[in-house]
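Input: a single structure, listed below in structure tokens.
The values are calculated or read from the model by the stated rules, or taken from the named source; none is laboratory data. Just so it is clear, the model here is predicted, and its values are computed rather than measured. Methodologically, a virtual Cβ is constructed for each residue, glycine included, from the backbone with ideal geometry; neighbour enumeration extends over all protein chains shown.
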Amino acid sequence: MENASKALIIAGAILLAILIIGLGMFIYNQAAGTMNEANLNSEQARSYNEEFLQYQGTKSGTQVRTLIQNIQGHNRANTDDFSLQIQITNDEYEATDTVAALTAAATYDDIINQINAGNTYTVTFAYDANSGYITSCGIVQK
């Protein structure tokens, strides 16, 4: 009887150890999943912004017109998601600037008509603080 009692205690201790190990693995997998999601979100933002970042810096009027047309197409493709709309302004942004709300802008044709192909322009971007996506494009004539 004494041996059976010790065997039950040992079996209970083994089951308790397996339960603790399983709980530890569950918590580890949850934490690893959160880290992977954070990396995925930054990768998504980089991929999303890549199309426009090639126009950042000093660009010719022709390149700026192409950028505006790309933004126009992007905004048309994302009409169902207001957070993905990119506004065009005459402001110059720093690399860390964020713009939370969109403002009404002139039509794309009006903006394109203001861009002279012979001039150079400085193109900068502002980002959403939460997603890291571009929310605003600043175009300033040099």
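The figures follow:
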read-out: Hits in segment 127-139 - residues which are more than 13 Å from Tyr55 (Cα to Cα) and either free of Cβ contacts under 8 Å to residues at least 12 places away in the same chain or of a type in the set (A, V, I, L, M) (or both); value: Ala129, Asn130
read-out: Pairs with Cβ under 6 Å, 6+ apart, first in segment 65-87 and free of Cβ contacts under 8 Å to residues at least 12 places away in the same chain, second among the polar types (S, T, N, Q); value: Asn75/Gln85
read-out: Segment 48-97: number of residues that are assigned to a helix (DSSP H, G or I) and among the hydroxyl-bearing types (Ser, Thr, Tyr); value: 4
read-out: Looking only at segment 38-61, and only at residues there that are hydroxyl-bearing (Ser, Thr, Tyr) and surrounded by fewer than 13 Cβ atoms within 10 Å (Cβ to Cβ), the one that is modelled with the highest pLDDT; value: Thr58
read-out: Residues of segment 22-37 classified as modelled with pLDDT under 85 and of a type in the set (A, V, I, L, M, F, W, C), total; value: 3
read-out: Unique match (being among the polar types (S, T, N, Q), surrounded by fewer than 18 Cβ atoms within 10 Å (Cβ to Cβ) and modelled with pLDDT under 85) among Asn119, Asn70, Asn113; value: Asn113
